[in-house]
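Quick note: the coordinates plus some simple rules give every number you see, no bench work behind them. All values derive from a computational prediction rather than experimental measurement. Quick reminder, even Gly has a Cβ in these numbers, built from the backbone with ideal geometry, and neighbours come from all protein chains shown.
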Amino acid sequence: MRLREPLVLPCGQTLPNRIAKAAMTEGLADARMNATPALETLYRRWSHGGAGLLITGNVQIDRWDLERPGNVVIDGDADRDALARWAAAAKEGASHVWMQLSHAGRQAPLYCTPRPVAPSPVGLKLLGAYRTPRALTRKGIASVIERFVNAATIAREAGFDGVQIHSAHGYLLSEFLSPVTNRRQDDYGGSLENRARLLLAVVRAVREAVGNDFAIGVKLNSADFQKGGFSNDECIQVVRWLNDCGIDLLEISGGSYEQPRLLGHSGDESQAEAPRQSTRRREAYFLEYAALIRKAASMPLMVTGGFRSRDAMVEALDSGDTDVIGLGRPLCVDPNFVARLFENTTAQAVDPGADLAYGQGMFGPRSSVSALRFVNIFSQMGWYYMQLMRMGRGLEPDWNMALRQGLFGHVRSELSAARRIRSFQKQADTLDAE
Ligand SMILES: Cc1cc2nc3c(=O)[nH]c(=O)nc-3n(C[C@H](O)[C@H](O)[C@H](O)COP(=O)(O)O)c2cc1C
């Protein structure tokens with residue numbers, strides 16, 4: 001079967017099949033932001049679930065700029081044994097495991113990141129949860145590159161097969177790419193060449209540090225879908241530059257917190273750029289863009305977002321527009337979906353996402369008030385996070401969980417995780433001061 005074909009990557013590693021679990025932030029780190037037994041339990045489960053590649057949720061490279069208080073962080077203090085146990089659990093069922101490395105930039109909520117940094121001081125106005133970031137200095141930019149290198153080196157030593165550099169969804173590296181969030185006047189801002197400088201420098205420096213047999217992926221937006229943002233034409237040019245950087249897999253996604261197209265939603269319509277008409281009709285919503293990117297890309301491609309049926313996956317591989325199919329939400333509710341697909345006991349993912357969005361949406365299906373629209377999306381994300389948390393405890397996903405349970409359960413666990421890391425951060429502050 002097409003989906004079961006192995007894929008030889010440029011680094012020489014062979015992925016056992018064409019399905020990857022896409023990165024999904026787990027929020028399961030401990031107070032010191034280290035990997036935990038819950039992460040081992042979750043990834044052991046997925047490893048036996050059939051996907052050839054598991055990409056971890058975003059692991060942060062800077063403990064002072066978090067996407068969530070439960071993020072794993074890799075810096076000088078990382079618990080390397082805990083990382084090694086996580087990698088081993090994720091490889092138990094013969095899947096490969098890559099660590100997604102990220103810097104949250106301005107998309108860092110104030111309850112865990114009091115002083116976010118970004119290319120420029122352009123605030124994120126979303127439910128009052130984000131502080132205006134400080135612009136990174138040149139020294140700060142050099143430190144970001146160093147931190148990516150350090151984290152990738154530690155991931156390799158811990159037994160991960162590769163890393164994926166997160167340059168999508170409005171986090172730091174994608175903030176540099178977008179003219180909306182990057183207003184810099186130095187050689188990291190302005191022209192596309194300048195806006196892409198940090199991403200290319202990170203990828204080259206990581207490759208140099210980890211050697212040629214370790215896998216490196218990049219997750220990139222096909223576009224931001226935001227007026228004046230990073231466009232599809234710009235994405236294609238960045239891909240041409242990435243061709244020379246020794247990448248093994250380029251994952252195509254799109255959007256940001258403001259325009260959550262990665263999940264098939266739009267945000268504030270007044271600031272949105274419409275997707276292509278043909279995209280609206282397709283199950284996998286970035287495939288049209290992947291077809292254009294394919295013409296420019298020399299590395300293997302992965303497309304994530306919306307895949308639910310075997311037919312759509314096989315068709316996408318047959319068309320040559322992608323080499324790997326990325327799956328997110330279906331694996332939160334059915335961790336064995338891929339194995340069942342391979343055994344021919346199913347041809348369609350269970351995904352309550354559509355019901356959550358349009359059936360039991362808390363504030364009406366397509367609320368025209370953007371704040372309510374965001375609360376709806378936030379509630380849905382909370383629902384999926386709660387499923388990951390259940391699996392981390394060794395429980396089955398609960399398809400019948402109410403949307404409000406997702407929202408309130410998630411808010412409760414975020415705030416308690418924020419309290420836990422805050423006391424640790426205070427200790428770290430005191431030690432720094434001494
Ligand atoms: C609960 C959850 C957490 C996510 N966390 C991340 C993340 O840490 N890094 C990332 O690149 N994408 C993240 N995403 C986006 C997914 O990788 C994927 O792009 C998106 O869910 C669309 O794929 P799907 O339609 O198969 O769910 C997350 C999505 C969900 C639902």
**Q.** Mean Cβ neighbour count within 10 Å, used as a protection proxy, ranking 100-108, 297-305, 61-69, 2-10 highest first
**A.** 100-108, 61-69, 297-305, 2-10
**Q.** Highest-fluctuation residue, 409, 254, 382 considered, GNM on the chain with Cα pairs under 10 Å
**A.** 409
Q. Hey, what number do you get for the chain at 222 nm if only DSSP H runs of n ≥ 4 count, each worth -39500 (n - 2.57), divided across all residues, to the nearest 500?
A. -12000 deg cm²/dmol
Q) What's the FRET efficiency of residue 430 with residue 372 using the Cβ-Cβ distance as r and R₀ = 41 Å, to the nearest 0.05? A) 0.45
Q | Beta bridge orientation in the chain: antiparallel %, DSSP, nearest 5 | A | 15
Q. Taking the radius of gyration and the Kirkwood hydrodynamic radius from Cα positions alone, what is the Rg/Rh ratio for the range 1-92, to two decimal places?
A. 1.02
Q) How do 239, 202, 149 rank when sorted from fewest to most other Cβ atoms within 10 Å of their own Cβ? A) 149, 239, 202
Q) Expressed as a rounded percentage, what relative contact order does the chain have, with Cα pairs under 8 Å and six or more residues apart? A) 16
Q | Reach of residue 227 by Cα under 17 Å, taken over lysines that are not fewer than 8 positions away in the same chain | A | 125
Q) When each pair of different Cα atoms in the range 2-351 is counted once in the 1/r mean, what is the Kirkwood radius in angstroms, to one decimal? A) 19.9
Q: Whole Å is fine, so just give me how far the alpha carbon centre of the range 375-391 lies from that of the range 5-60.
A: 19
Q. How much length is gained on full extension from residue 77 to residue 143, taking 0.36 nm per residue of separation minus their Cα-Cα distance?
A. 22.2 nm
Q: Rank the residues 332, 11 as a footprinting-exposure proxy: fewest other Cβ atoms within 10 Å of their Cβ go first.
A: 11, 332
Q. Mean separation of Cα pairs under 8 Å and 6+ residues apart, divided by the residue count of the range 34-172: what relative contact order is that in percent?
A. 29
Q) For the pair residue 408 and residue 396, how long in nm is the line joining their label points, each one 7 Å along Cα→Cβ? A) 2.5
Q.
With a 10 Å cut-off between alpha carbons and a GNM built on the chain, which of 339, 51, 23 moves the most?
A. 339
